[in-house]
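Down below is the structure, laid out as structure tokens.
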There are 2 protein chains.
Amino acid sequence: MLPEKTIERLSLYRRIVENYQIKGEKSAYSHEIAKSAGVTSSQVRRDFMFIGTNGRANSGYDLDELAVNIEKHLLSDTPDKFCLVGVGNLGTAILAFFHGRRANLIIKTAFDKDPELENKIVHGCRCYSIDEVERAIKEENISIGIIAVPAAEAQGVAEVLVSAGIRGIINFAPVHLNVTDGIFVENVDLTMHFEKVAHFTRLVEK
Amino acid sequence: MLPEKTIERLSLYRRIVENYQIKGEKSAYSHEIAKSAGVTSSQVRRDFMFIGTNGRANSGYDLDELAVNIEKHLLSDTPDKFCLVGVGNLGTAILAFFHGRRANLIIKTAFDKDPELENKIVHGCRCYSIDEVERAIKEENISIGIIAVPAAEAQGVAEVLVSAGIRGIINFAPVHLNVTDGIFVENVDLTMHFEKVAHFTRLVEK
């Protein structure tokens, strides 16, 4: 099992490699990739050696080979299916951002307690009543839940998702979720990022 | 200067305290706040002692006092002004999420290279041509830039922002920004969070 930090870097390398490929490049040196990733060249070389890709002295790393090997370690052959709970501003934003973005990251269904949203399609994703979470997760074979509800509701939603069979959670609510062992929880707190930048930017100015 | 991790916790505590206040609570014990924040009770007590708030044995921490003291350390008396560069799906999502959310976090203006967006108001925020970044940042006294453009454009945008006088950056593009010392950069990479959850969730299932 790779460490979380390695997986984070592989995800970032993958996008960097894609950006080179979009520009028509065929190969890149470790120091170039390192600069884009904000890590050292030796870190890049270690990571690439680990996934079985070696660079060549005269041209660096073959980008096609790199892309294949990163994906082999990072991604699955079958798409990972997500569901979203909470189709407010943030939930809608998440649907918009991921709609059609990645063939392997698919938000299959969304849930909300607002009856007005029922059966509506928001950025390619059909919304259901929150009461249908269990049925939909089982029928669609969804493994990951995205929580975009207010903080006070997040723990309750997490429990419903876990009991419906979800194994991974991305939590956008600013609250720690207590879930059983074996459920992977990734927290993303946008307000915290904004407050943190604001705080340190003020210090810079003083 | 407080460490980054402390600032992150203060931001989280602040939301936890607000959630208690919304529920009509007047006080809370350190172990309750610790559970919501996903940290130890002793960490909570240390952090609160640091910001000058002491709990009482019979009722815990006074929530009003806590809120005032957290804000004093975390926030500024004057609102922090942000600008956004890139009004695509993600940029629009960010505008929607922060519109009216926080009196102290205000996205004053947005910039995009699409001429169709010029002078349009998106979720309360007026859009300008990217050519006006320098003028607008100076006129509006904006200190923080949000970068929500594709990776290949992010470094160029960062340079324009910094030369216009920006001191802090929130970077949503999946690429490391090279900026001069003294500019605070906070990276938020949504695709990375999603790929990471997908990766570890598959491991759980195996």
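The values are calculated or read from the model by the stated rules, or taken from the named source; none is laboratory data. On a predicted model such as this, the values are computed, not experimentally measured, just so you know. Methodologically, a virtual Cβ is constructed for each residue, glycine included, from the backbone with ideal geometry; neighbour enumeration extends over all protein chains shown.
Pairing residues of segment A:124-152 that are of a type in the set (Asp, Glu) with residues that are assigned to a loop (DSSP other than H, G, I, E, B), at Cβ distances under 7 Å and at least 6 apart in sequence or on separate chains, gives A:Glu134/A:Ala164.
Scan segment B:167-187 residue by residue and report those that are closer than 28 Å to B:Met1 by Cβ and either without any contact (Cβ under 8 Å) to a residue 12 or more places away in the chain or surrounded by 23 or more Cβ atoms within 10 Å (Cβ to Cβ) (or both).
Of the residues in segment B:167-187, the ones closer than 28 Å to B:Met1 by Cβ are B:167-173, B:175-187.
Once the filter is applied, which keeps residues that are closer than 28 Å to B:Met1 by Cβ and either without any contact (Cβ under 8 Å) to a residue 12 or more places away in the chain or surrounded by 23 or more Cβ atoms within 10 Å (Cβ to Cβ) (or both), segment B:167-187 yields B:Gly168, B:Ile169, B:Ile170, B:Asn171, B:Phe172, B:Ala173, B:Val175, B:His176, B:Asp181.
Counting only helices (runs of 4 or more DSSP H) wholly contained in segment A:1-77, the ones carrying 3 or more residues that are within 12 Å of chain B (Cβ to nearest Cβ) and within 20 Å of B:Asn171 (Cβ to Cβ) occupy A:4-22, A:30-37. I'd like to check something: does segment B:56-73 contain any residue that is surrounded by fewer than 18 Cβ atoms within 10 Å (Cβ to Cβ), modelled with pLDDT of 90 or more, of a type in the set (A, V, I, L, M, F, W, C) and over 26 Å from A:Gln155 (Cβ atoms)? Scanning segment B:56-73, I find at least one residue that is surrounded by fewer than 18 Cβ atoms within 10 Å (Cβ to Cβ), modelled with pLDDT of 90 or more, of a type in the set (A, V, I, L, M, F, W, C) and over 26 Å from A:Gln155 (Cβ atoms), so the answer is yes.
Tally the residues that are in contact (Cβ under 8 Å) with a residue 24 or more places away in the chain, crowded, with 16+ Cβ neighbours inside 10 Å and farther than 30 Å from B:Arg45 by Cα, restricting the search to segment B:74-97.
The number of residues fulfilling the criteria is 13.
The number of residues in segment A:111-135 that are farther than 12 Å from A:Leu161 by Cα and either more than 24 Å from the chain's Cα centre (by Cα) or surrounded by 12 or more Cβ atoms within 10 Å (Cβ to Cβ) (or both) comes to 17.
Taking segment B:15-51 as the range and being surrounded by 19 or more Cβ atoms within 10 Å (Cβ to Cβ) and hydroxyl-bearing (Ser, Thr, Tyr) as the test, the residues that pass are B:Tyr20, B:Ser30, B:Ser36.
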